[in-house]
Amino acid sequence: MSSVHSKRSHPNPQTATPRSEFWAGARDIFPLIVGSIPFGLIFGTLAISSGLSVGSTLAMSAFVFAGSSQFIAIGMVAAKTGWLLIVLTAFVVNLRHLLYAVSLLPYVKPLSQRWKIPLAFLLTDESFAIAIRRYEAKALSPFKHWYYLGAALSMYLNWQLCTLLGVTIGRLVPNAANWGLDFAMSVTFIGMTIPYLKTRPMGLAVTISGLVSLIAAPLPHKLGLMIAAIAGISAGVWSERHLSTC
């Protein structure tokens, strides 16, 4: 996935238009979309086998739109966990989006609410990785939020389509969840993360969270992921304060 972070042909700031920025965002997120396709297909398949109806599965992808939380939720549904604990777990898992929001805040703050609300809803790991690089680029285009929208909306539509295929065609494929296709998503996240490992705090945060996730993997309800995220963030904050960056 290194191509995701390679130099892109962004619209010229002097000739950029909402349309050109939108399609540039849709084009740049395409490699990440490819990596998420198996993830969406498997979700649709597992959701049905976990007891969710087709309508509930499609609604979850449409209104929750958070792959990690959705996978955790269907596992808890299958285990007949109470809805309050499911909601609380999904909320904690998605707390990482607050960090994304803080990074994007200086760029989206001038926008109106009619922009902020949909952009906040469409925020995912992939759309953040694409959008933040565009916002941090030196080009002074006034339409970078259209770039963000193009990337995020493309990922959203892809997720809905893959869920639909999972609940229909996916059920016809025997043991699709055991094919290891979800590894594509792991590779995608690795490709998203590596280019940011430029300082000691970043490296330490990733290392600590990775080690903790392996140690805490046996914990129920994916609690290991939450503990690993908290440990990684804490390590990053501590090192940012006490260690000099590279």
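The values are calculated or read from the model by the stated rules, or taken from the named source; none is laboratory data. As the structure is a computational prediction, the values presented were derived from the model and not from experiment. Note: ideal-geometry Cβ built from the backbone for every residue, glycine included; neighbour counts use all protein chains shown.
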Test residue 91 against the criterion of being out of contact with any strand residue (DSSP E or B) (no Cβ under 9 Å at 6 or more places or on another chain), surrounded by fewer than 17 Cβ atoms within 10 Å (Cβ to Cβ) and at pLDDT 90 or above, and give yes or no.
-> no
Exception for residue 166 within (1) modelled with pLDDT of 70 or more; (2) farther than 26 Å from residue 59 by Cα; (3) among the small types (Gly, Ala, Ser) falls at (2)
Which residues, counting only those in region 98-120, are touching a residue at least 24 places away in the same chain (Cβ under 8 Å), under 30 Å from residue 224 (Cβ atoms) and either surrounded by fewer than 16 Cβ atoms within 10 Å (Cβ to Cβ) or among the acidic types (Asp, Glu) (or both)?
-> 99, 103
Among 79, 131, 90, 120, the single one that is of a type in the set (A, V, I, L, M, F, W, C) and touching a Ser or Thr at 6+ places or on another chain (Cβ under 7 Å) is 90
Name the one entry in 36, 68, 56, 61 that is of a type outside the set (A, V, I, L, M) and modelled with pLDDT under 85.
-> 68
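Which one of 209, 186, 244 is at pLDDT 70 or above and not aliphatic (A, V, I, L, M)?
Working: 186 fails: at pLDDT 70 or above; 244 fails: at pLDDT 70 or above.
Only one candidate passes the filter, namely 209.
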